[in-house]
Amino acid sequence: MMSSTAFNGNGASPMPTEQPNSLSTPYILAVTSHKGGTGRTTLALALAWLWGQRGFAVTLIDADPIKAASLVAFGPGGFCPWDNVNVIVARQGVARIPPKQDIIIIDTPPATEPLAQKVFQKANGVIICSLADSLALNTLPAATKAVIEAQATNETMDLLGIVVNIFNPADLAQTRCLSLLRGAPGGLFVEPPIPLRSELREWPRQPGSNLPDSPAMPSLRSLADTFRDQMAEAGWDRLARRKGDSVAHSIGS
Amino acid sequence: LRTLLVASQKGGVGKTTTAVNLATLAAQAGKRVLLIDADPLGSVGASLLLTRDDESTHVPRPDAVTGRGVVWSNVVQNLDVINPYSADSTSDEELVEFLAAMPTSPLSRFYDFVVMDAPPMMGARPKALLKAAQEVLIVQRAEPMSFRTLPAYLELMREVKAEGANVQLRGILMTLPSGVAMGSKAEQTIREKFKGILPQVIPFDPEINNALMLGRPLVMVQPTSAATKQYRALALSLGLTKDTAPARVPQASMTMIIGSVNSQSSEDDPYEDDDVMGGTTQAPVVEKILRAHVSRGNTAVAEPPVAKKYKPSDSTFLPALPGGHDDDDADVFGSPEPESAGPKTMAGRTQTFYPDRVAATGGKGPNLLAPPPTNSKKLASSPGTRPVAKPAAVRPEPTEEGTPIWQLLALGIATFVAATAAAWFFVGR
């Protein structure tokens, strides 16, 4: 059974790359960054929570050596209490994906790390999480190039786009950088930016708690829908939105 | 020679900014400083707009340690920056080799201080850096994600210490995210919860972003900004600037100074404590004393601090990570893959995008699909450009021994001349 494949990377490669349109294979989404501290783990966690709330079976693989994602997602009981979300810490010998998953999200180290390259070999899609600062502009091309280079050996992998996180519209330097990113060739920038919110920053204070409601929520929901559309377009039909069916509409407000 | 590592388990907390500014302050105080850009992303280079091509603000030359990396001299007066990786590689092995060759390299004799900017915590690099350093400054952002993952780094330090490294923790530097004010309740809460946090705290300062845009250290661009003041106080308390030696001392007496620094740090260092990594961290500063000094602008040395002790099992520290820190096995999926499974190395990490130049050339955004055209690889395939930018000038072929020998000769002559001058000076008196 394709969906119960052990994710052990032993070279047998029973990957959905061979059957990209098969409904039985999960979409493997790598969330990476150009450098540390971009809120990449928070974005990966938020997407997992939002899609889990929508009813998709989501597995989040924590592939970051400092294991930040599992620190947030594991509640007091030592497991992730969110609906439909399963969190796995890679390299603990149990990186086995449960059967019948819809989406696998991998919290991936910065794109230029060799470890990230290994993840890209398994991924169907990659999101780069960035800040809108001048250092980001200096280092983003290298990260983008790293992802694109990985496509040479994994042709089915898409670069879904660049998300700007922790954006402070009151910061003039940031707004300037954001406009430069928006105008960047390639159309890789994905709207909208995720605003700076202390609620998101404080999320790890309550491990296992739900994605905190904050003014950043509309941005996160919108991004979750955008990426869902992209995954559906790539052949994962069951992820497609039906009329009026979106994360934005399915939750609370 | 003092070697200070600026490290953190987490990225984006201000490591590079801290390393660049501490190194700059030491250089401004007359020390000869070498800043090692150990981050494979080349964060220091990206901050100071140093590249391997002719776009660089300073001319890159091959490094004299392994010959693979590049060095930019006098980025600030007395401050040299070195990138130990070859142009198309970010491999752990290159850094490990560089660090092993560094102490015996003639290059290291030139400097009073070596400051190392650490990469993210993965692979062999963090351990190698800790082993090569005498002192480590941990940078933490005042937010839960940063402090919750701190035990992983302390655990790594314990491991390295157990393997015989002699690195001393000089404290934890807190940097504030946007929206957290200095002296705020959030800052106080973290101070109460965690021991070993330095009294200096780096506030969120938009000028840091502006300094990055200019490619210059914050302490030079904004000499009076809030963050600069804190970096000054920190540099003073770390002893990077307290010595008011002349800016340039003859090479002959340089070794004497270096020798005295070494003996001082091993015998009289008040922060010296073998027990540090065995379960206690140091709170190396008496806050009141230092704060009084800083607020008066007093440049005197702070009183020897009382080392506070804590046990990791105290409730002040969060529990260790599930499964502990796993540094050696870098395979996400639990089993090794052939090394050739994917591209191991990354070209283009020194590629730099300059917003101002883009604005000047039509206002288009950065080309995120590919690095800017002026990279060393391109230049390699299109000879005939400016000689400085040729890869040969940056990374000599192994057979091309001219440059290193020339450098060694120059070094020898300079040392001889300086020694003669010093001898003449002293004898003449």
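For region A:132-189, the calculated P(r) over all alpha carbon pairs, in 5 Å bins from 0 to the bin holding the longest distance, is 4, 17, 27, 23, 14, 9, 5, 2, 0 percent.
When the GluC sites (Glu not before Pro) in region B:119-203 are filtered for DSSP coil states and for at most 10 other beta-carbon atoms within 10 Å of their beta-carbon, the remaining sites are B:163.
Fewest neighbouring Cβ atoms within 10 Å first, the residues B:184, B:47, B:89 line up as B:184, B:89, B:47. Once backbone amide H atoms are built at 1.01 Å from N, residue A:129 has A:32, A:33, A:34, A:163 as its partners under 5 Å, excluding neighbours fewer than 5 places away on the same chain. For region B:117-219, the spread of Cα positions along the three principal axes, ordered from largest to smallest, is 40, 36, 21 Å. Treating r as the C-beta distance of residue A:191 and residue B:163 and R0 as 60 Å, the FRET efficiency rounds to 0.75. In terms of its alpha-carbon gyration tensor, region B:192-244 comes out oblate; a/c meets the 1.5 threshold, while b/c is at least as large as a/b.
By DSSP, the beta bridges lying fully in region B:1-99 are antiparallel in about 65 percent of cases. Over all pairs of different C-alpha atoms, region A:44-129 has a mean inverse distance whose reciprocal, the Kirkwood radius, equals 13.1 Å.
Using θ = phi - 60° in the Karplus curve 6.51 cos²θ - 1.76 cosθ + 1.60, the 3J(HN,Hα) couplings for region B:192-207 round to 5, 7, 10, 8, x, 7, 5, x, 6, 9, 8, x, 5, 9, x, 5 Hz; x is entered for Gly and Pro.
Partner shielding of A:196-202 amounts to 4, given as the average count of beta-carbon atoms from other chains within 10 Å of each residue beta-carbon. Listing B:13, A:190, B:417 from fewest to most neighbouring C-beta atoms within 10 Å gives B:417, A:190, B:13. Once the mean of 1/r is taken over each pair of separate Cα atoms and inverted, region A:177-228 shows a Kirkwood hydrodynamic radius of 12.7 Å. Diffusion of region A:126-253 by Stokes-Einstein, at 10 °C in a medium of 1.306 mPa s and with Rh set to the Kirkwood radius over alpha-carbon pairs, works out to 98 µm²/s.
What does the charge count around residue B:189 come to, taking other residues whose C-beta lies under 15 Å from its C-beta (Lys +1, Arg +1, Asp -1, Glu -1)? Spelling it out: positives minus negatives among the neighbours equals +4.
Note on residue A:153 and residue A:175: with the Förster distance fixed at 41 Å, the Cβ-Cβ geometry gives a FRET efficiency of about 0.60.
Around the amide H of residue A:105, modelled in the peptide plane, lie the amide H atoms of A:29, A:59, A:60, A:61, all under 5 Å away and 5 or more residues distant in sequence or on another chain. Using a/c under 1.5 as the rounded threshold, could you call region A:59-211 rounded, prolate or oblate? The axes a ≥ b ≥ c are square roots of the C-alpha gyration tensor eigenvalues, and prolate needs a/b larger than b/c, oblate otherwise. Since a/c reaches 1.5 but b/c is at least a/b, the shape of region A:59-211 is classed as oblate. For region A:53-58, putting each phi into the Karplus relation 6.51 cos²θ - 1.76 cosθ + 1.60 with θ = phi - 60° gives couplings of 5, 6, x, 7, 7, 10 Hz, in residue order, rounded to whole numbers and with x for Gly and Pro.
Taking other Cβ atoms within 10 Å as a rough exposure proxy, A:181, B:411, B:41 sort from fewest to most as B:411, A:181, B:41. Taking θ as phi - 60° and the Karplus parameters 6.51, -1.76 and 1.60, the scalar couplings of region B:211-222 work out to 5, 4, 4, 7, x, 10, x, 4, 5, 8, 6, 10 Hz in sequence order, x denoting glycine and proline. For region B:112-244, the number of Lys pairs separated by eight or more positions or lying on different chains, with C-alpha atoms closer than 28 Å, is 15.
Give me the tail of P(r) for region B:45-126 as a percent: Cα-Cα pairs with distance above 16 Å. If you can, show how the numbers build up before the last one.
Numbers: 1770 of 3321 pairs.
Roughly 53 percent, once rounded to a whole number.
Expressed as a fraction of 2.2 N^0.38 Å, the C-alpha radius of gyration for region B:83-171 is 1.17.
No lab work stands behind these numbers, since they all come straight from the coordinates. Small disclaimer: the values here were computed from a predicted structure and weren't measured. Virtual Cβ from ideal backbone geometry, glycine too; neighbours counted across all protein chains shown.
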